[in-house]
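Read through the structure below, which is laid out as structure tokens, and then see the notes.
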Amino acid sequence: MTHHRSTWRNRWTFMLATAGSAIGLGNIWKLPYMIGVNGGSAFVLVFIACILIVGIPLMMTEILLGRRAQKNPFNGIEALAIEAKASPYWKLLGGMGMLTGLLILSFYSVIGGWVLYFITEAIKGSFVDIKAAESTANFNDLLASPLTLLFWHTVFMCLTMGVVARGVNSGLEKANNILIPALFFILLILLGYSMSVGDMQAAYHFMFSLDFSKITPVAVLSALGHAFFSLSLGMGSVMVYGSYLQRHVSIARTTIYIALADTMLGLLVGLAIYALVFANNLAPNAGPGLIFQTLPIAFGNMPWGSLIATLFFMLVAFAAWTSAISLVEPTVAWIVENTKISRKVSAVALGLAVWLLGITVVLSFNDWQHVKIVFGLNIFETLDKLTSTILLPLGGLLMALFAGYFMKRDHVQDELNLDNRGFKLWRITNNYISPIAIIAVFLYLFGLVK
Ligand code: TRP
């Protein structure tokens with residue numbers, strides 16, 4: 001069956017779409033609280049190292065797999081395996097990625113819902129002159145209300161599937177053009193405010209002091225997982241976007257820009273948040289509610305606060321939206337390219353399935369808070385840890401091994417189109433350094449090394 005496959009209009013739109021996938025709740029919501037939960041600078045340093053050593057080469061790998069295959073991850077990896085005379089069962093790697101994306105989306109959508117709710121709160125002016133204790137109480141009230149969470153989770157899912165149903169380059173990429181730079185801009189305003197009233201020195205010290213003694217195995221594990229999450233790696237989002245990329249575009253350069261923008265953005269949010277956390281004597285290890293408890297205090301007390309807060313949460317919602325789309329796109333592409341089912345119907349059906357799973361996530365913040373799945377983790381925590389620390393790194397590891405040891409070197413080089421030195425560097429990181437790093441972390445995770 002041949003389908004007309006759309007391509008990005010130019011390199012810039014691919015870059016914005018992939019940056020749109022990478023930049024999302026991972027940077028604005030997750031990274032800040034992970035830094036706090038994992039002891040600050042120890043985590044930040046390992047995270048940056050993981051982005052550089054594992055993330056960047058692997059993003060190149062994922063794009064090259066997608067562009068060479070010109071198909072959804074499942075059939076794409078199958079086709080590449082056949083081309084390389086390897087087992088066609090490599091396609092299961094694509095299948096695992098699709099499943100991972102849907103699992104992530106089930107909680108991503110719930111958190112996206114929090115952001116939507118915060119837009120309405122900002123518009124209502126609920127943050128004006130708010131104090132730390134009130135802000136924390138407001139957030140806890142939200143978590144305690146399953147119906148409110150369910151409502152916003154539903155809205156977020158509908159928004160996501162609405163775009164997926166129309167196809168990825170239906171105009172969203174044009175919005176990306178303005179909105180990602182706008183997000184950076186508003187963050188700078190926030191950062192400026194945090195610098196003037198917050199404790200930037202404490203924040204800086206907390207995030208960047210070189211103290212290797214604080215690095216724990218758990219911090220390393222979480223940092224590696226978050227490097228994957230933040231760059232959208234290991235499940236096929238980037239691969240499927242790469243499959244729509246024209247042949248003449250440089251993969252390496254594009255990757256480096258995206259990884260830099262993504263990492264910088266996350267760290268800037270972190271600084272802005274922790275300056276406020278320390279100035280207001282809040283707990284850095286508050287967990288998933290961190291930004292929703294601290295940011296209202298900043299917005300509530302700055303001039304034009306309600307307006308800026310509204311814009312901020314709208315931009316975050318937009319960033320989350322463009323990421324969420326990339327979590328389902330591999331599966332929708334797979335269905336459309338293999339069956340007679342239309343894009344619309346597959347989007348609705350998948351949306352429904354993910355929405356249902358999301359309901360259990362909603363409940364895990366209130367009525368089912370004490371329902372533990374494994375290792376004392378509730379449903380949200382289980383889905384988060386399972387995807388970030390196991391499935392994404394495993395997917396990434398297999399992709400690296402596939403590109404490094406199964407595909408023909410010429411084919412890889414053909415896509416990457418690097419000079420000798422660049423290619424060697426990619427090869428060393430892709431074939432040795434990142435697999436070894438990921439395997440070492442897994443060995444620790446499964447208790448095989450202490
Ligand atoms: N990277 C996005 C974020 O930081 C989330 C995301 C989108 C993602 N697609 C992904 C994470 C694929 C892992 C894999 O918010």
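The values are calculated or read from the model by the stated rules, or taken from the named source; none is laboratory data. Because the structure is predicted, anything quoted here is derived from the model rather than measured. Glycine also receives a Cβ, built like all others from the backbone with ideal geometry; neighbour counts cover every protein chain displayed.
Leu221: on the phi < 0 side of the Ramachandran plot and either under 15 Å from the mean Cα position of the chain (by Cα) or of a type in the set (Asp, Glu) (or both), yes or no? It is false that Leu221 is on the phi < 0 side of the Ramachandran plot and either under 15 Å from the mean Cα position of the chain (by Cα) or of a type in the set (Asp, Glu) (or both). Among the numbered conditions (1) under 19 Å from Ser21 (Cβ atoms); (2) among the polar types (S, T, N, Q); (3) surrounded by fewer than 17 Cβ atoms within 10 Å (Cβ to Cβ); (4) at pLDDT 90 or above, the only one that Asn177 does not meet is (4). Scanning region 242-287 for residues that are at pLDDT 85 or above and among the β-branched types (Val, Ile, Thr) yields Ile251, Thr254, Thr255, Ile256, Ile258, Thr263, Val269, Ile273, Val277.
Hey, can you tell me all the residues within region 27-48 that are in contact with an Asp or Glu (Cβ under 8 Å, 6 or more places away or on another chain) and either within 15 Å of the ligand (Cβ to nearest atom) or free of Cβ contacts under 8 Å to residues at least 24 places away in the same chain (or both)?
As a first pass, look at region 27-48 and keep what is in contact with an Asp or Glu (Cβ under 8 Å, 6 or more places away or on another chain): 27, 41-42.
Scanning region 27-48 gives a single hit, Asn27.
Give Ile390, Ile335, Ile438, Ile341 a once-over and let me know the one that is over 20 Å from Gly95 (Cα atoms) and not small (Gly, Ala, Ser). On inspection, the qualifying residue turns out to be Ile438.
Residue-level analysis places Leu307 outside the set of residues that are closer than 18 Å to His226 by Cβ, away from the ligand (no atom under 14 Å from the Cβ) and without any contact (Cβ under 8 Å) to a residue 60 or more places away in the chain.
Can you list the helices (runs of 4 or more DSSP H) found entirely within region 91-194 that contain at least 3 residues being within 16 Å of the ligand (Cβ to nearest atom)? If you could, list the steps in order and put the result at the bottom.
Numbers: elements: 91-124, 132-143, 146-166.
Passing ranges, in order: 91-124, 146-166.
Can Lys372 be described as among the charged types (D, E, K, R) and either under 30 Å from Val441 (Cα atoms) or within 16 Å of the ligand (Cβ to nearest atom) (or both)? Here the answer is yes, as Lys372 does meet what is asked.
Kindly indicate the residue of region 332-359 that is of a type in the set (Val, Ile, Thr) and without any contact (Cβ under 8 Å) to a residue 40 or more places away in the chain and also farthest from Trp152 (Cα to Cα) among those meeting that condition. Even if it seems obvious, please write down each step before you answer.
Going residue by residue through region 332-359, those that are of a type in the set (Val, Ile, Thr) are 332, 335-336, 339, 341, 345, 348, 354, 359.
Checking which are without any contact (Cβ under 8 Å) to a residue 40 or more places away in the chain leaves us with 335, 339, 341, 345.
Numbers: Ile335: 27, Thr339: 32, Ile341: 28, Val345: 22 Å.
Across region 332-359, the extreme among qualifying residues is Thr339.
With respect to the stated conditions, Lys372 fails to be among the basic types (Lys, Arg), on the phi < 0 side of the Ramachandran plot, in contact (Cβ under 8 Å) with a residue 60 or more places away in the chain and surrounded by fewer than 16 Cβ atoms within 10 Å (Cβ to Cβ). Across region 253-281, the number of residues qualifying as within 18 Å of Ala49 (Cα to Cα), away from the ligand (no atom under 15 Å from the Cβ) and buried (at least 21 other Cβ atoms within 10 Å of the Cβ) comes to 0. When region 112-141 is filtered for residues that are surrounded by fewer than 24 Cβ atoms within 10 Å (Cβ to Cβ) and in contact with a Leu (Cβ under 7 Å, 6 or more places away or on another chain), the ones remaining, listed by number, are Tyr117, Ala132. Scanning region 263-302 for residues that are outside any helix (DSSP H, G or I) and over 16 Å from Phe206 (Cα atoms) returns a single hit, Met302. Against the list (1) among the polar types (S, T, N, Q); (2) away from the ligand (no atom under 11 Å from the Cβ); (3) at pLDDT below 95; (4) not in a loop (DSSP other than H, G, I, E, B), the condition Thr61 fails is (3). For region 209-221, state whether one or more residues are under 16 Å from Trp29 (Cβ atoms), assigned to a helix (DSSP H, G or I), hydrophobic (A, V, I, L, M, F, W, C) and touching a residue at least 40 places away in the same chain (Cβ under 8 Å). No, because not a single residue in region 209-221 is under 16 Å from Trp29 (Cβ atoms), assigned to a helix (DSSP H, G or I), hydrophobic (A, V, I, L, M, F, W, C) and touching a residue at least 40 places away in the same chain (Cβ under 8 Å). Scanning region 416-435 for residues that are over 25 Å from Ser243 (Cβ atoms), free of Cβ contacts under 8 Å to residues at least 60 places away in the same chain and surrounded by 12 or more Cβ atoms within 10 Å (Cβ to Cβ) yields Ile428, Tyr432.
For region 326-344: of the residues being among the hydrophobic types (A, V, I, L, M, F, W, C) and modelled with pLDDT of 90 or more, which is farthest from the ligand (Cβ to nearest atom)? Spell out how you get there, then give the answer.
Initially, region 326-344 is screened for residues among the hydrophobic types (A, V, I, L, M, F, W, C), giving 327-328, 332-336, 341.
So of that shortlist, the ones also modelled with pLDDT of 90 or more come out as 327-328, 332, 334-336, 341.
Details: Leu327: 5, Val328: 9, Val332: 13, Trp334: 15, Ile335: 18, Val336: 19, Ile341: 23 Å.
This residue is Ile341.
Among residues that are under 25 Å from Leu398 (Cβ atoms), more than 16 Å from the ligand (Cβ to nearest atom) and touching a residue at least 24 places away in the same chain (Cβ under 8 Å), Pro284 is not included. Going through region 338-348 one residue at a time, which ones are part of a helix (DSSP H, G or I) and among the hydrophobic types (A, V, I, L, M, F, W, C)? Val345, Ala347, Val348, listed by residue number.
Counting only residues that are within 14 Å of the ligand (Cβ to nearest atom) and either in contact with a His (Cβ under 6 Å, 6 or more places away or on another chain) or aromatic (Phe, Trp, Tyr) (or both), region 199-248 holds 3 of them.
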